[in-house]
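To keep things clear, I will list the structure first and then write my remarks on it.
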Amino acid sequence: MNNNYIFQNPATNRGWLGMLIGSLLIIFYILLYWFPTSIQWLISLTDPISLFIKGKVADQWFFYGFIYTIAILGMGIRMISKYRHNNYQKVRTISVMFFQTCFAFLIPELLARLNLPYQDFKNIFPLDYAFFFDYNIEKKIAAGTIGYFMLAWGVFLFVVGVPVMTYFFGKRWYCSWVCGCGGLAETVGDPFRQLSDKSLKAWKIERYSIYGILAFSLIMTGGVLYTFFTKESKLFGIIDTNFIRYIYGFLIGSIFAGVVGTGFYPLMGNRVWCRFGCPLAAYLGIVQRYKSRYRISVNAGQCISCGNCSTFCEMGIDVRAYAQKGQDIVRASCVGCGICSEVCPRGVLNLENISSK
Amino acid sequence: MKHIVIVGNGIAGITAARHIRKLSDYKITVISSESKYFFSRTALMYVYMGQMKYEHIKPYEDWFWEKNRIELKYDKVESINIQRKNLQLTKELLQYDKLILATGSNYNTLPNINPEIKGVQGLYHLQDLEKLEENTKNINKAVIVGGGLIGVELAEMLISRNIEVTFLIRENTFWGNVLPIEEANIVTQHLKKMGIGVLINTELKEIYTSINQRVVSILTSKEEKIACEFVGLTIGVSPNIDLVKNTSIESQKGILVNEYLETNEPDIYAIGDCVEHKNPLSGRKAIEQIWYSGKLMGETVAKSICGSPTKYKPDIFYNSAKFFEIEYQVYGKITQNLSANEQTFYWKNTENNKCLRINYEAESNSIIGIHALGIRLRQAICEKWIRDKCTIQYVLEHLEEANFNPEFSKPFINAMLEKYNQEYPENPILIKKKKSITNLISKIFN
Ligand SMILES: Cc1cc2nc3c(=O)[nH]c(=O)nc-3n(C[C@H](O)[C@H](O)[C@H](O)COP(=O)(O)OP(=O)(O)OC[C@H]3O[C@@H](n4cnc5c(N)ncnc54)[C@H](O)[C@@H]3O)c2cc1C
Ligand code: SF4
């Protein structure tokens, strides 16, 4: 593994090529989300595959899911080859490739073919912010047993799955092993990880922004459920819950998670959404910070303050600040990608699930 | 309020400043002529290799110093007036109450080599890195003199730019005055695999230049002529004692200090690379030019200055390095040749890129040193074993506790224990075959 001349490469040092890639990604997302007819010719290219898998011609979401999966698989192979000496990297890359292909792409499309409600079984509320939307609940109720199972599974993941798994393994079990956004960040985004901001200021902004969005998502969902159960469209008689829902979907779901989340890879690194936006990451992070066996252990006094770990941390954690003090790293944002340990030239860092302390 | 002045903003000087700030309210000034802000010298290679930028190798953000009321001066100290307690900088005079000298090292040159020749240099300061950029622009061939830690880093830097490198090594093997022969062979072989020409038992005799004073080739002590456009001098570093040379502060190779890191002059201390200990602790060198020692001296001197006089007492020796892809760690005492009452147990893998050595006392069996190549060990555990004089059997039985390799790494311990049991069948060590998902996964991946 080496990252030689990554800061001289115009694609990976915020150079002209990076700007170009970023702009193209942003334009692509805007067209895909709001003007799909303008790229119908592109979307139609995936018709044969769509017909084969779900028996219908491709729509914009099939097209998106398909290229998203191809991107993760292709860049996943690059990732495996780049870090071929590190089994942790190989195992977790194969894991995200698997979850994307089967859980995010194939299973939902097959469900559609069987006329069952859509569900990505590994997506968890509140990242899956539409989980409690009326039409989703209604569709599932209408589908009978399997629909009820889907609802129960979603609630189970949120209430039991997240805290239990995070207690034992840290939030990495999700963010860098399972999640689709994480999967894209870890594969397509890997060449851009060094562009995340490590300053203390960025960390401050991060905390406001990510917990703010967590609160927003919970309030929005509360409102939506209130309307669902009471059939009252206005919360406290003033705020229209449909409107909050629309705003959330537009600002957070589309612009932040999609356009900014991916389009900004070459500008602010590959985890902009996960770090500043994702409400599920916020929830996982709280569990990780206060109740988890997971930490990055620091090997006593071995650190030479070189800065490789901080530079290549995609979440913008100043790992070195802890390592040079000999202090283990327990941070809400750490997604456990393990790259700090990989790039450290002195073997200072190791991801560990400590049994008891 | 007392004014503490520190000359040198390397790891030693900066650690002292930070700890004095933690312990006191004194006024602190740190002076350096190399850079305004502290940077990690050990990371210079990564800047050359484009893996990081200069800003990344600064361990603290620039606002840190003002916030902690540590004044930084980017200036050169020309001389010290010990009687008047002041320093002459290029344009001002600075008064001190206590002075800490942390002036670091300079790289060694060869007496028979003219330092004015273009394309000949060592690597220590930031300015050397800038010069290296100039000197290695568009060149194809380089010779590096001296096989040590900085030499191998320089080789890696040049190789990353596809410059052909030939190493001239005085000893039989790479770092032959430190590494036991087996480890040295592993490293030497690895260097060759990386495409480096290694000439052993060879020194630099002469450098030939073009009319404009640029290197064109060299002559080795074996009368071999090698064409090259660059000569890297990595034959070691020496304490930088320029500032004290013509003063009453005693120095030999380095600035002489006692256990409290005090020089012979009151209120003047010295720490880091520039120091020579008058009475080094047993098993330690008088001059120890390593990062970790500088850091520890900085912490120690801070305590002394802030009212609790503290002796410099390094714990179990440790160090680490990296030879291209192979990481290296040492704990305790491992010498190149065993002394009379020492025994060694050595294991290496078949691929020849991992090894572990444990040295122990012949009679008591208690371990005295551990060496690892390509394996990450847990420092706290290794040190505890050495401090507690654990036996080799105990250590091998508990080796898993010291394993700091990343999850799912290829297991090595059982192979090692099998070798031990073959060598010492009289009291074999029980080999545990663990079954767990993690082990299963790492098996699948190996
Ligand atoms: C390329 C390289 C790689 C290394 N890798 C490792 C490693 O992996 N592990 C390890 O343990 N060690 C390593 N070392 C050694 C380690 O860097 C040094 O031991 C350590 O930096 C010494 O720190 P110091 O604070 O004593 O001195 P320095 O870092 O040298 O700082 C001294 C400073 O004082 C300044 N100064 C001196 N005189 C004056 C003056 N009169 N006026 C103003 N300023 C002055 C100098 O310019 C310099 O900036 C490496 C060294 C190099 C060069
Ligand atoms: S990469 Fe390793 S040695 Fe370098 S700063 Fe980080 S922990 Fe320290």
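The values are calculated or read from the model by the stated rules, or taken from the named source; none is laboratory data. Quick caveat: nothing in here was measured; it's all calculated off a predicted structure. All Cβ positions, glycine included, derive from the backbone under ideal geometry; neighbour counts span all protein chains shown. Calculation scope for accessible area: heavy atoms of the full protein, side chains included, ligands and nucleic acids excluded. Shrake-Rupley method; radii C 1.70, N 1.55, O 1.52, S 1.80 Å.
In square nanometres, what is one fourth of the surface area of the convex hull spanned by the alpha carbons of region B:318-423?
Numbers: hull surface 27.0 nm².
It is 6.7 nm².
With runs of 4+ DSSP H residues as the only contributors, calculate the mean residue ellipticity of the protein assembly as shown at 222 nm using -39,500 (n - 2.57) per run, divided by the residue total and rounded to the nearest 500.
Taken over the protein assembly as shown, the calculation gives -10500 deg cm²/dmol.
For region B:384-446, which GluC sites (Glu not before Pro) pass both filters: DSSP loop (anything but H, G, I, E, B) and at most 14 other C-beta atoms within 10 Å? Write out the running numbers ahead of the final one.
Values: sites: B:GLU397, B:GLU400, B:GLU401, B:GLU407, B:GLU418, B:GLU423, B:GLU426; in loops: B:GLU407, B:GLU426.
Qualifying residues, ordered by number: B:GLU426.
Counting only protein heavy atoms and a 1.4 Å probe, tell me what percentage of region A:11-353's accessible area is made up of carbon and sulfur. Show your work: numbers first, answer last.
Values: 9920 of 13890 Å².
Heavy-atom surface of region A:11-353 belonging to carbon and sulfur, 1.4 Å probe: 71 percent.
Enter the angle in degrees (range 0 to 90, nearest 10) between the Cα long axis of helix B:149-159 and the first principal axis of the Cα atoms of chain B, meaning the one along which they spread out most.
80 degrees
Going down the table (B:LYS53/B:LYS192; A:LYS201/B:LYS73; B:LYS36/B:LYS137; B:LYS278/B:LYS322; B:LYS245/B:LYS285; A:LYS325/B:LYS410), which pairs top 24 Å between alpha carbons? The partial results should precede the final answer.
Values: B:LYS53/B:LYS192 29 Å; A:LYS201/B:LYS73 26 Å; B:LYS36/B:LYS137 27 Å; B:LYS278/B:LYS322 31 Å; B:LYS245/B:LYS285 22 Å; A:LYS325/B:LYS410 29 Å.
Too far apart for the 24 Å limit: B:LYS53/B:LYS192; A:LYS201/B:LYS73; B:LYS36/B:LYS137; B:LYS278/B:LYS322; A:LYS325/B:LYS410.
Can you give the FRET efficiency for B:GLU164 and A:LEU114, using 1/(1 + (r/R0)^6), R0 = 51 Å, r = Cβ-Cβ distance, to the nearest 0.05?
Numbers: r = 63 Å, r/R0 = 1.24.
The value I calculate is 0.20.
To the nearest Å, what is the center-to-center distance of region B:268-342 and region A:202-228, using C-alpha atoms only?
52 Å
For the pair A:ASP328 and B:PHE445, how long in nm is the line joining their label points, each one 7 Å along Cα→Cβ?
2.2 nm
For A:THR37 paired with B:LEU338, estimate the spin-label separation in nm (one decimal), with each label point 7 Å from Cα along the Cα-to-Cβ line.
The two pseudo-label positions are separated by 8.5 nm.
Using DSSP to define loop residues, name the trypsin sites (Lys or Arg not before Pro) in region B:390-446 whose beta-carbon has at most 15 other beta-carbon atoms within 10 Å.
On the way: sites: B:LYS419, B:LYS432, B:LYS433, B:LYS434, B:LYS435, B:LYS443; in loops: B:LYS432, B:LYS433, B:LYS434, B:LYS435.
Listed in order of number, the matching sites are B:LYS432, B:LYS433, B:LYS434, B:LYS435.
Using a 1.4 angstrom probe on protein heavy atoms only, which residues from region A:86-105 are buried by at least 40 Å² of accessible area when all chains are present rather than their own chain alone?
Relative to the lone chain, where solvent access is computed with a 1.4 Å probe, region A:86-105 loses at least 40 Å² at A:ASN87, A:TYR88, A:VAL91.
Assuming R0 = 35 Å, what is the FRET efficiency of B:ASP267 and B:TYR346, from their Cβ-Cβ distance, to the nearest 0.05?
0.10
Only bridges with both residues in the protein assembly as shown count here: give the DSSP antiparallel percent, nearest 5.
Working: 54 of 89 bridges.
Expressed as a percentage, antiparallel bridges in the protein assembly as shown total about 60.
How big is chain A by Rg and Dmax over its Cα atoms, in Å?
Values for chain A (Cα only, Rg and Dmax): 20.8, 62 Å.
Quick one: the Cα spread of region B:120-235 along its three principal axes, in angstroms, biggest first?
In descending order, the Cα extents are 44, 32, 23 Å.
Using bins 10 angstrom wide from zero, how does P(r) for region B:14-111 break down, in % of all Cα pairs?
12, 38, 34, 13, 2
Hey, what's the protein assembly as shown come to in accessible area per residue, 1.4 Å probe, Å²?
Values: 35220 Å² over 803 residues.
Each residue of the protein assembly as shown exposes 44 Å² on average to a 1.4 Å probe.
Between region B:1-68 and region A:1-69, how far is it from one alpha carbon centroid to the other, in angstrom?
45 Å
Computed over the Cα atoms of region A:1-151, what is the ratio Rg over Rh, Rh following Kirkwood?
Details: Rg = 18.7 Å, Rh = 18.1 Å.
Dividing the radius of gyration by the Kirkwood radius yields 1.04.
Calculate the FRET efficiency for A:ASN353 and B:GLN252 from the Cβ-Cβ distance with a Förster distance of 56 Å, rounded to the nearest 0.05.
Working: r = 52 Å, r/R0 = 0.92.
Calculated transfer efficiency: 0.60.
Would you mind classifying the protein assembly as shown by shape? Square roots of the alpha carbon gyration tensor eigenvalues, ordered a ≥ b ≥ c; an a/c under 1.5 is rounded, otherwise it is prolate if a/b is larger than b/c and oblate if not. Intermediate values should be presented prior to the final figure.
Working: a/c = 1.87, a/b = 1.71, b/c = 1.10.
Cα axes put the protein assembly as shown in the prolate bin.
Averaged over its residues, how many other protein chain Cβ atoms are within 10 Å of peptide A:346-355's Cβ atoms? Could the numbers behind the result be given before it?
Numbers: counts 10, 15, 4, 3, 7, 2, 3, 2, 0, 0.
So the per-residue partner count for this stretch is 5.
How much length, in nm to one decimal, is gained on full extension between B:ASN138 and B:LYS53, taken as 0.36 nm per residue of separation minus their Cα-Cα distance? Numbers along the way, then the final one.
Values: separation 85, 0.36 × 85 = 30.60 nm, distance 2.09 nm.
This chain segment gains 28.5 nm when fully extended.
If you line up the long axis of helix A:145-156 against the longest principal axis of chain A, both from Cα atoms, how many degrees apart are they, to the nearest 10?
30 degrees
What are the residues whose amide H is under 5 Å from the amide H of B:GLU164, where those residues sit 5 or more places off or on another chain and H is modelled from the backbone?
B:LYS141, B:ALA142
For the A and B pair, go ahead and give the buried accessible area with a 1.4 Å probe, both sides summed, in Å² to 100. Could you put the intermediate results ahead of the total?
Details: alone 16700 and 22210 Å², together 35220 Å².
About 3700 Å² of accessible surface is lost on pairing.
Whole angstrom only: what separates the Cα centroid of region B:175-232 from the Cα centroid of region B:398-433?
If you average the Cα positions of each part, the centres end up 38 Å apart.
Rounded to the nearest percent, how much of the accessible area of region B:120-235 (1.4 Å probe, protein heavy atoms only) is carbon and sulfur?
Values: 2380 of 4950 Å².
Carbon and sulfur: 48 percent of the exposed surface of region B:120-235.
Test of understanding: in a Gaussian network model of chain A with alpha carbons linked when under 10 Å, which of A:SER209, A:SER333, A:SER233 would top the mean-square fluctuation ranking?
Comparing A:SER209, A:SER333, A:SER233 in a Gaussian network model of chain A, the most mobile one is A:SER233.
Return, in residue-number order, each cysteine of chain A whose C-beta is not under 4.7 Å from any other cysteine's C-beta.
A:CYS102, A:CYS175, A:CYS179, A:CYS181, A:CYS274, A:CYS278, A:CYS303, A:CYS306, A:CYS313, A:CYS334, A:CYS337, A:CYS344
Say each of B:ASP242 and A:ASN9 gets a label point 7 Å from the Cα, pointing the same way as Cα to Cβ; how far apart are those two points in nm?
Calculated label separation equals 4.0 nm.
Per residue of region A:185-194, what does 6.51 cos²θ - 1.76 cosθ + 1.60 with θ = phi - 60° give for ³J(HN,Hα)? Whole Hz please, x for Gly and Pro, Karplus curve as stated.
4, 6, 10, 5, x, 3, x, 10, 4, 6
Can you bin chain B into rounded, prolate or oblate? Criterion: square roots of the alpha carbon gyration tensor eigenvalues sorted a ≥ b ≥ c, rounded for a/c under 1.5, prolate for a/b above b/c, oblate for the rest. List each step's numbers first, then the result.
On the way: a/c = 1.88, a/b = 1.25, b/c = 1.50.
Judged from the Cα gyration tensor, chain B comes out oblate (a/c at least 1.5, b/c at or above a/b).
Please determine, in degrees from 0 to 90 and to the nearest 10, the orientation of helix B:291-305 with respect to the longest principal axis defined by the Cα atoms of chain B, where the helix direction is its Cα long axis.
Around 50 degrees separate the two axes.
Residue by residue, what Karplus-based ³J(HN,Hα) values in Hz, rounded to whole numbers, does region A:167-182 have, using 6.51, -1.76 and 1.60 with θ = phi - 60° and x for Gly and Pro?
Rounded to whole hertz, the list is 4, 7, 10, x, 6, 4, 3, 9, 5, 10, 10, 10, 4, x, 4, x.
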